[in-house]
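A quick write-up on the structure given underneath.
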């Protein structure tokens, strides 16, 4: 009997917890991104390597000269860095302080980075590009024509 | 005694569940986005209304003529739509099928939309822009100079 009551009690606490969590998420309006691939820099060459499960999404990209690469500044993905709202542009204290939304600083609340890149070659799930201002291993979120 | 064992048993199941969930998340490499504001269309005018807690991030934006608005195609945020990898561009079946990464289709695995917009006025947490190809109420994720 006591075991049953404990179970029911625990279940109620758990359910309420889930509901509160869901409601909080709704208030905060969060969205989930998946890494679809990553930046690979090797021997002076730069590649976007797409996860094979997304390879069908590349059909026709070989006909274009450029692609917009959306990636994630994953090295800055900490609550502290994501709370920064003003910076000295280019990290230079002589530049007057400015809001991050008026800059390209890599510490926006959402760490979305956007680069327009020249396509050198598309082969299977790998796109060779001329260059990108991202670190080797940066998660890639999207490609757009 | 039985109650205690039940509690311990439940706790172990719950802990294992949390660990499995964490590990899965690591494998899938997901990232969390916060809405920083929203698109408001009203009486032929278009505004980006930023949540007041992010208002400091707008400092200096009034000095620019244009802003890149990153928003979320929230109406397509379903597992089904996010799994679409090929489309007929512009929804026209006469256009040969193409990978979503070679298009601007609003059904990418990550529903990131990017528009370069002309700034009309910045006042407190509200930016009036000329126009944007987004629905009224679309969540805004980022602004870049």
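Read-outs: derived from the displayed coordinates by stated rules, not from any lab. From a predicted model like this one, the values you see are computed outputs, not experimental measurements. FYI the Cβ positions are ideal-geometry reconstructions off the backbone, even for glycines, and counts take in every protein chain you see.
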Inter-copy distances for residue A:40, nm, shortest first, label points 7 Å along Cα→Cβ, are 4.8
Distance in nm between residue B:30 and residue B:93 label points, each 7 Å along Cα→Cβ, equals 3.5 nm
Cα pairs beyond 21 Å in region B:31-144, in percent, come to 42 percent
Expressed in angstrom and rounded, the centroid-to-centroid distance over alpha carbons for region B:112-137 and region B:32-81 is 7 Å
Between residue A:130 and residue B:84, the FRET efficiency computed from the C-beta separation at R0 = 30 Å comes out, to the nearest 0.05, as 0.55
